[in-house]
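Inspection log for the structure reproduced underneath, given as structure tokens.
The values are calculated or read from the model by the stated rules, or taken from the named source; none is laboratory data. All values derive from a computational prediction rather than experimental measurement. Here Cβ is always computed from backbone atoms with ideal geometry, including for glycine, and neighbour counts include all displayed protein chains. What goes into the accessible areas is simple: the full protein's heavy atoms, side chains included, and nothing from ligands, DNA or RNA. Shrake-Rupley method; radii C 1.70, N 1.55, O 1.52, S 1.80 Å.
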Amino acid sequence: MPMNGQGNENPAMAPPSPSPVSPLRGLLEVTRLVRAEEDLPELLAAIARTIAESLGYETVVINLYRPAWNDFTVTTVHGKVAARAALLGQIRPLEEWDTLLSERFHRRGAYVVPAGAYDWDNAGYSYVPPADPVPPGDPGVGDGAWHPEDALFLPMRHSGGHLLGILSVDEPVSRLRPSDEELDVLASLADHAALAVQAAQEAAEAARHRLALEQLLEVSSQLTAEPVVDEILRDVCRGVRDALGFEHVAVQLIDPVSDRLEARAAVGWDLDGPALASEFDLADVEPLLDPQFEVSGCFLLSNDEAERRIRLNSLPYVSHRNGHGPRAWDRHWLVVPLHDGKGGVIGLIWADEPEDRLLPSDEKLQALRIFANQAAAAIVAAAHRRELRFLADHDPLTRLLNRRAFVERLDAEVARAIRYKRSFGLVICDLDGFKVLNDHFGHPAGDEALQVFARILQDAVRKGDDAFRIGGDEFALVLAEAGEAQAREVVKRIVDDVAGPRASFGVASCPENARDAQLLFRLADEALYEAKRSGSGLQFVA
């Protein structure tokens, strides 16, 4: 008990001794509090007041357990002003309570620490009110009298067995040490008080969880309306922070080309900072996604376990909001994979720095998993929308601009050349021997040849030029403000690429050869066939 005391500040104002029915009334009142919907501070004050008034103790203190720190803090003091000033906010580590709640002090559900059995001076704090003179014949004299250094504690236990808090009672109005019957009543009151505290904490946690789900639901309903993936990811980060209480959240997506994990959105972390700048791919972090660490589809690992599994020279980030104790967050790693519709991993959500410094509950992790599923679905849907928009003017096989885009660009370039008296070059080309390749090696080989040639075209053109697949093995290049010399340089770069298939080229210029898009295309196409017929590989319109 973080206090010791005797006497009253004003003996004439001492509370009257409780009547024989007061303990029963106290038990009924605490039972009522179990069902009451009160805030925890109000509930604790009511419990302390009820115990003081019904059982005749001038000072009642409630020490509440803090799971993030594995200690107890004085949250409630019913008693004198001096007692409240000395004790409120005082903290005692669990180790000290282990000493006080020793079996040698246990008596009928309570822990009675007689004077001299504990060194209160070395405890760092205690409350000792000034002693009052005890008149002759007062019950506070003799072997059964309450001693100033006596202490009486009553554990408040969760229905699961762990400690929720500890009641301390002091300065009995009777000036006597409690009898066995009084200890039985005190222990029963402590049990009922524990039920009330447990109910209040669970109600508060349920309210927080309900609010979190409502916030996540609101964010989820907006995700599918976001047209841009990065906007979706920013909403995801903010949703996890605001609803679930993680101060640092980041989303990484897998780059489909390099297979690298790329940080795309974050709150708390700097996207360009060292925490997210490490270059690693999914294979580097897959050891973290071990089923033994999975809770509701999320993966929660201790820092030591993560260090053993991840292949990095130095850890990219270490948590700062840590606690200590079995339920505390202590540099843990929390990662949630994002899955596409086929179960493949497309990215990861990282969450760190929990506001309450506690390991997330199963309910919180379940909410995070459901939200991650919604986010992944929105990302996939946005990617599908982006692909549909892309395919409106791009060829699905080669990823070059398609014939529709070519017609629009050609018309626009002809109009621009005539209006501003500028020229541009049109190159039409196709692969040599493509039909033979398809017939002998099959369409997969033909598709691969088309893709290789498309990449060569894309690499050969200058900024401002465009490459198109306009049908089958036929391609086109629009070379802005290019004459014969520039067109010849581009073709040379294409031909010189030894990795590519062989091709033939026909070139026409606007407005030199034609001032009409259809005529310009026909002239370039005829030049292509002349290049094939003659075997020159390249033909310019004369």
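Examine the stretch 498-510 for a residue that is part of a helix (DSSP H, G or I) and of a type outside the set (Val, Ile, Thr), and state whether such a residue exists.
Within the stretch 498-510, none of the residues are part of a helix (DSSP H, G or I) and of a type outside the set (Val, Ile, Thr).
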Task: Among the residues listed as Arg399, Arg389, Arg422, the single one being assigned to a helix (DSSP H, G or I) and not hydrophobic (A, V, I, L, M, F, W, C) - done: Arg389
Open item on the list: I need the helices (runs of 4 or more DSSP H) fully contained in the stretch 184-285, keeping only those with at least 3 residues that are open to solvent by 50 Å² or more (accessible area, probe 1.4 Å), touching a helix residue (DSSP H, G or I) at 6+ places or on another chain (Cβ under 9 Å) and of a type in the set (Val, Ile, Thr).
Closed with: none
Open item on the list: Looking at His147, His158, His209 in this structure, which one is over 28 Å from Ala243 (Cβ atoms) and touching a residue at least 12 places away in the same chain (Cβ under 8 Å)?
Closed with: His147
Open item on the list: What's the number of the only condition in (1) modelled with pLDDT under 90; (2) in a loop (DSSP other than H, G, I, E, B) that Leu33 fails to meet?
Closed with: (2)
Open item on the list: under 21 Å from Gly347 (Cα atoms), surrounded by 17 or more Cβ atoms within 10 Å (Cβ to Cβ), within 18 Å of the chain's Cα centre (by Cα) and touching a residue at least 60 places away in the same chain (Cβ under 8 Å): is that true of Val295 in this structure?
Closed with: yes
TODO: Filter the stretch 496-542 for residues that are crowded, with 19+ Cβ neighbours inside 10 Å, within 14 Å of Leu431 (Cα to Cα) and free of Cβ contacts under 8 Å to residues at least 40 places away in the same chain and give the result.
DONE: Ala531
TODO: Among the candidates Val436, Val490, Val427, Val452, single out the residue that is out of contact with any Lys or Arg (no Cβ under 7 Å at 6 or more places or on another chain) and either over 25 Å from Asp393 (Cα atoms) or surrounded by fewer than 13 Cβ atoms within 10 Å (Cβ to Cβ) (or both).
DONE: Val436
- [ ] Could you list, in sequence order, all residues of the stretch 316-350 that are open to solvent by less than 50 Å² (accessible area, probe 1.4 Å), outside any strand (DSSP E or B) and touching a helix residue (DSSP H, G or I) at 6+ places or on another chain (Cβ under 9 Å)?
- [x] Pro316, Tyr317, Ser319, Gly325, His332
